[in-house]
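Please read the structure below before turning to the comments.
Coordinate-derived values only; no laboratory data. In this text, all values refer to a predicted model and were calculated from it rather than measured experimentally. So basically every Cβ, Gly included, is an ideal-geometry build from the backbone, and we count neighbours across all protein chains shown.
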Amino acid sequence: MHRVNTDMEQFSSYQLSDLERRLLNDFQHGFPLVPQPYQKIADDLDVTEEIVISTLENLQQQGFISRVGAVFRANSIGASTLAAMAVPESQLEQVAAMISGYSEVNHNYQRDHDFNLWFVLTASDEQTLNAVLDDIEQRSGLPVMYLPMEEDFHIDLGFNLTWT
Amino acid sequence: MKVNFRHPRLPEQLVLDARDMALVSLIQHGLTLSTSPYAELGRQLEMTEDEVISRISNLIDAKVIKRFGVVVRHHELGYRANAMVVWNIPDDRVSELGPCMGQFDYVTLCYRRPRRLPAWPYNLFTMIHGQDRHDVLHNIQGLAAHCGLDELAFEVLFSTRRFKQRGAIYHKSAGKE
């Protein structure tokens with residue numbers, strides 16, 4: 001079996017097999033909607049269902065897969081927004097931790113910019129979203145710039161992973 | 001009102017009934033890794049396996065579900081650099097340039113968002129991935145050349161730290177984790 005190291009593999013000394021690579025790359029969309037989807041994948045890859053399931057379990061444990069399931073279009077159900085804050089360096093750690101603490105926050109990144117903290121909020125409705133935004137402003141004492149999506153131009157077919 | 005959605009949320013509006021909502025609420029956490037994951041969902045929802053499958057299929061057709069499958073974590077797979085690249089695009093060119101930029105597979109998001117003047121003049125947001133910063137910058141150049149963006153103002157915001165990343169949770173009351 002041909003194996004190539006990615007940066008990550010060198011870093012973690014974890015080597016991905018061909019089967020793992022195909023499971024990671026080939027089923028990011030169009031997952032089988034049949035009673036036994038892992039059996040269908042197993043048939044495609046010429047292995048057993050048991051191997052498909054145990055390999056996916058292992059990939060999930062290693063952190064390579066977050067889940068097998070749905071990615072929802074923003075705002076098609078519930079309400080979400082991107083938000084940004086310009087946080088003084090000395091408070092960044094504390095404000096970031098406070099924001100990560102909300103269950104409505106699913107992404108929270110520091111970025112190289114005056115607006116240095118960027119997060120995505122998702123809630124069941126706009127009212128909840130607004131309440132969380134107000135709460136964050138109140139607790140941090142800093143304004144939040146909220147940037148809801150207005151139009152989506154991306155067709156999501158997953159991410160083509162290449163190993164070099 | 002703080003969040004102003006100026007556009008309908010779903011152009012091909014699908015009315016989600018209570019059973020769809022219950023299903024959505026369960027599948028956002030992912031399918032079980034077991035022989036019959038749809039039947040397992042059905043048992044929790046008091047639906048047949050057929051109903052679960054056909055409702056998921058309808059949600060995909062209606063574009064409520066954008067993608068259904070293995071959700072990978074880029075960072076862990078060696079794509080350790082990502083940049084949010086924000087562009088100031090004349091309003092009358094957004095509908096032409098947005099789809100051009102959204103077609104590249106290293107572009108994982110391409111959204112129009114409101115400007116917040118004067119602090120924030122950018123109205124098109126792209127998320128661009130790469131194995132390292134150099135790779136990301138190379139991809140941005142490729143994008144600019146292909147779509148003819150050379151004259152337009154943009155900024156590259158590399159992420160320097162990930163505080164939190166997980167799937168969205170849509171149905172949960174407000175609160176702290």
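Structure notes:
- Over all pairs of different C-alpha atoms, the stretch A:71-164 has a mean inverse distance whose reciprocal, the Kirkwood radius, equals 14.5 Å.
- ³J(HN,Hα) computed for each position of the stretch B:66-77 - Karplus, 6.51 cos²θ - 1.76 cosθ + 1.60, integer Hz, glycine/proline x: 7, 7, 10, x, 6, 9, 8, 9, 3, 4, 5, 8
- Stretchable slack from B:His138 to B:Asp50, in nm (0.36 nm times residue separation minus alpha-carbon distance): 27.0 nm
- Cα gyration tensor shape of the stretch A:7-61, rounded if a/c is under 1.5, else prolate or oblate by comparing a/b with b/c: prolate
- Cα gyration tensor of chain A - equivalent ellipsoid semi-axes, whole Å, descending: 38, 21, 14
- On a per residue basis, the convex hull of the C-alpha atoms belonging to the protein assembly as shown measures out at 145 Å³.
- Taking 0.36 nm per residue of separation and subtracting the Cα-Cα distance, full extension of the segment from A:Met145 to A:Val34 would add 35.6 nm.
- Across the stretch A:100-114, coupling constants 3J(HN,Hα) worked out from phi with the 6.51/-1.76/1.60 Karplus curve, θ = phi - 60°, read 4, x, 7, 5, 6, 8, 10, 10, 8, 10, 8, 10, 6, 5, 4 Hz, and Gly and Pro carry x.
- According to the Cα-based calculation, Rg over Rh for chain B is 1.02, with Rh computed by the Kirkwood formula.
- Calculated FRET efficiency for the pair B:Asn58/B:Asn88, C-beta based, R₀ 30 Å, to 0.05: 0.20
- In plain terms, the chain from A:Asp125 to A:Asp46 could stretch by 24.0 nm, reckoned as 0.36 nm per residue minus the Cα-Cα distance.
- Note on B:Asp17 and A:Leu92: the model spin-label points, each 7 Å out from Cα along the C-beta direction, lie 5.1 nm apart.
- Model label points for A:Ser17 and B:Gln165, set 7 angstrom from Cα along the Cα-to-Cβ axis, are 2.6 nm apart.
- Cleavage-rule hits (GluC sites (Glu not before Pro)) in the stretch B:31-81: DSSP loop, at most 12 neighbouring Cβ within 10 angstrom: B:Glu46
- Taking amide H as placed 1.01 Å from N in the peptide plane, the amide H of A:Phe72 sits under 5 Å from that of B:Lys66, each at least 5 places away or on another chain.
- Neighbourhood charge, 14 Å Cβ-Cβ cut-off, centred on B:Thr48 and excluding it, Lys, Arg +1 and Asp, Glu -1: -2
- Here the Karplus relation 6.51 cos²θ - 1.76 cosθ + 1.60, evaluated at θ = phi - 60°, turns the backbone of the stretch A:129-140 into coupling constants of 4, 5, 5, 5, 4, 4, 4, 5, 4, 5, 6, 8 Hz, with x for every Gly and Pro.
- Computed label-point distance, nm, for sites A:Ser54 and B:Ser95 using a 7 Å Cα→Cβ extension: 5.5 nm
- No Cys partner within the rule (Cβ under 4.7 Å), chain B: B:Cys110
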